[in-house]
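Heads up, the thing below is written out as structure tokens.
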Amino acid sequence: MKLKPQELLDTIDYSKLPSTGWMETPNDFSPGRWPYPAKVELHKALGFKNAHEWRADEEDWHLPENWQDIIHQGFKARLDKYRSFKVFMDICVRCGACADKCHFYVGGGDPKNMPVLRAELLRSVYRKDFTMAGKILGKLNGARVLEKDVLKEWFLYFYQCTECRRCSLFCPYGIDTAEITMMARELLHEVGLGINWIIEPVSNCNRTGNHLGIQPHAFKEIVEFMCDDIEEYTGVRINPPFNEPGHEVLFITPSGDVFADPGIYTFMGYLLLFEAIGLDYTLSTYASEGGNFGFFTGADTMQKLNGKMYAEAKRLGSKWILGGECGHMWRVVNQYMDTMNGYMQEGSNLTTPRNPITGTVFHNAAQTKMVHITEFTADLIKHGKLNLSPERNDHLRVTYHDSCNTARGMGLFEEPRYVIKNVCNNYFEMPPQTTREQTFCCAGGSGLNTEEIMEIRMRGGLPRGNAVKYVRDKHDVNMLACICAIDRATLPPLANFWAPGVSVTGVHEMVGNALNLPGQKKREVNLRGEPLEEV
């Protein structure tokens, strides 16, 4: 990342428009503007027929000979299958209400990152191929022929959309631009164009059950290392069960929480919580991933990766599934899981989740049989079931980032805040136009958390970074809490760039720090092994 924050801000000029019309503006594939292509062997192994070698900065992308027909047939099939897709192609009146709502447009000023224009890249081909007016009037009707530069333009801009759905919030017609991006990416995969930052995790998950490719024995060993640290810090030994049938709850969380900090501290918080309440649960080394990069690839891949959760719950005889802090995992669970894989509940022990400690029945999870960890913990706190010492987090001045998928995808606003306010004493909200349903994206979601496009990520992270800087400067905030594993990976560099001095944590790391367990020794360090100023 060559630019300093002020230098990046100086490059943004919303009044500077291209000298040519948007259809004639050439694509810019200079270094840093495109994610690396998927490895061919991985792409092929997942069943993509036209996987091939190519580079975005080369003139010839080595497309299949009949690539236009493949795209046309794929487009038609999706219009026939998804009524919402056809509606989204037809009803936009280009009012511009979404124009300034995208974080990539805010941070870069490129008109093609206005959601309305990004969607026009696809709609223009739709009009030419599938509407009478487009076929007759052509460009006068906003229609154009699908040529190679158009396809390249799709790749360039539909991989500058994080599917966060903030633009959809402001659309008077309710057009879900994220689903337009999903369709565009599916069509690109039809002709062998995918990116490695997505395909490699999908391939790993397909083979091992998690995005990071952690083998079952390694998964177990990593968790046991965490238990060693917990014993050192608290004096309490935890021995979590793995793959054991007959437990009431199957717990599934993103593998990012097992692999790297700060996610591992969140995982340690889960283990402490379950030990404190005596939860009857098991982990699985096979369903060792709650996230779903198939969501960024295509519906069939998303369905396959999601299905392992129901399959494992059925195999183990669990009554319900408790899910950890993740973003897109919950978008898939709440919006697609029951429709895609609900049939897999047949013959299982799955039932409407009931908190065994408080007796609360989670009727909102009656269809999916899956409860979010912050809903579960908030319920425990509300019923006085946790012994907490929030003063152990007094060195933290905390704000909360609403992860896009849990906020706009499932309306989870209050439970994380309720938990945070009960486990720490210093909490401050970011400005209201940047939180809850209006939250700004981390700019690394939907598989864009890759290093080669770091400047694009920092540009897209400007609105979120600016809000974090605001509470840092006004309230001395030094910790940004979130409930998404991708956020825990993408927000540290974003905060370091736009608001230095602010670290990132999962909510259950703070729960683990505040939690008192029977038989524990005096807590002298937090879950990061840092000395506590006061206990």
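Rounded to the nearest 500, the helix-only mean residue ellipticity at 222 nm of the chain stands at -13000 deg cm²/dmol, with each DSSP H run of n ≥ 4 adding -39,500 (n - 2.57).
At an R0 of 35 angstrom, the distance between the Cβ atoms of residue 357 and residue 474 translates into a FRET efficiency of 0.35.
Considering only 390, 210, 333, and ranking their Cα positions along the charge dipole of the chain that arises from unit charges at the beta-carbon of Lys, Arg, Asp and Glu, the one farthest toward the positive end is 333.
Within the stretch 32-46, find all residues whose amide N lies under 18 Å from a label point positioned 7 Å from the Cα of residue 218 along Cα-to-beta-carbon. Residues 42 fall inside that zone.
Just list whichever of 49/152; 112/148; 220/421; 16/139 have alpha carbons separated by over 21 Å in the model shown. Those over the limit are 220/421; 16/139.
For the chain, 92, 95, 102, 161, 171, 205, 227, 326, 424, 442, 482, 484 have no disulfide-compatible partner, since no other Cys C-beta lies under 4.7 Å from theirs. Per residue, the average separation of C-alpha pairs within less than 8 Å and at least 6 apart gives the chain a relative contact order of 17 percent. Only Lys, Arg, Asp and Glu carry charge here, each on its Cβ (+1 for the first two, -1 for the last two); on that basis the stretch 93-176 has a dipole of about 220 debye about its Cα centre. Using a 1.4 Å probe over the heavy atoms of the protein chains, calculate the carbon and sulfur portion of the accessible area of the chain as a whole percent. That fraction is 49 percent. Highest-first packing order for the peptide set 166-179, 217-230 is 166-179, 217-230, based on the mean count of other beta carbon atoms within 10 Å. For the pair residue 20 and residue 39, the difference between a 0.36 nm per residue extended length and the Cα-Cα distance amounts to 3.3 nm.
I'd like to compare 237-243, 400-406, 488-494: which one has the highest average count of other Cβ atoms within 10 Å, and what's the full order after that?
Ranking the peptides 237-243, 400-406, 488-494 by packing returns 400-406, 488-494, 237-243.
Solvent-accessible surface of the chain, averaged per residue with a 1.4 angstrom probe and all protein chains in place: 39 square angstrom. A simple charge model with +1 on the Cβ of Lys and Arg, -1 on the Cβ of Asp and Glu and nothing else charged puts the dipole of the stretch 254-329 at about 360 debye relative to its Cα centre. Between the residues 26, 196, 62, the greatest Cα displacement towards the positive end of the dipole of the chain, with unit charges on the Cβ of Lys, Arg, Asp and Glu, is found for 26.
Note on the chain: with charges restricted to the Cβ of Lys and Arg (+1) and Asp and Glu (-1), its dipole about the Cα centre is near 1380 debye. For residue 433 and residue 421, the difference between the fully extended length at 0.36 nm per residue and the C-alpha to C-alpha distance is 2.2 nm. The peptide list 323-335, 186-198, put in order of mean Cβ contacts within 10 Å with the highest first, becomes 323-335, 186-198. The ellipsoid that matches the Cα gyration tensor of the stretch 15-142 has semi-axes, each √(5λ) in whole angstrom, of 26, 23, 15, with the longest given first.
The values are calculated or read from the model by the stated rules, or taken from the named source; none is laboratory data. Please read these numbers as outputs of a predicted model, since none were measured by experiment. Don't worry about glycine lacking a Cβ; one is built from the backbone with ideal geometry, like all the others, and counts go over all protein chains shown. Calculation scope for accessible area: heavy atoms of the full protein, side chains included, ligands and nucleic acids excluded. Shrake-Rupley method; radii C 1.70, N 1.55, O 1.52, S 1.80 Å.
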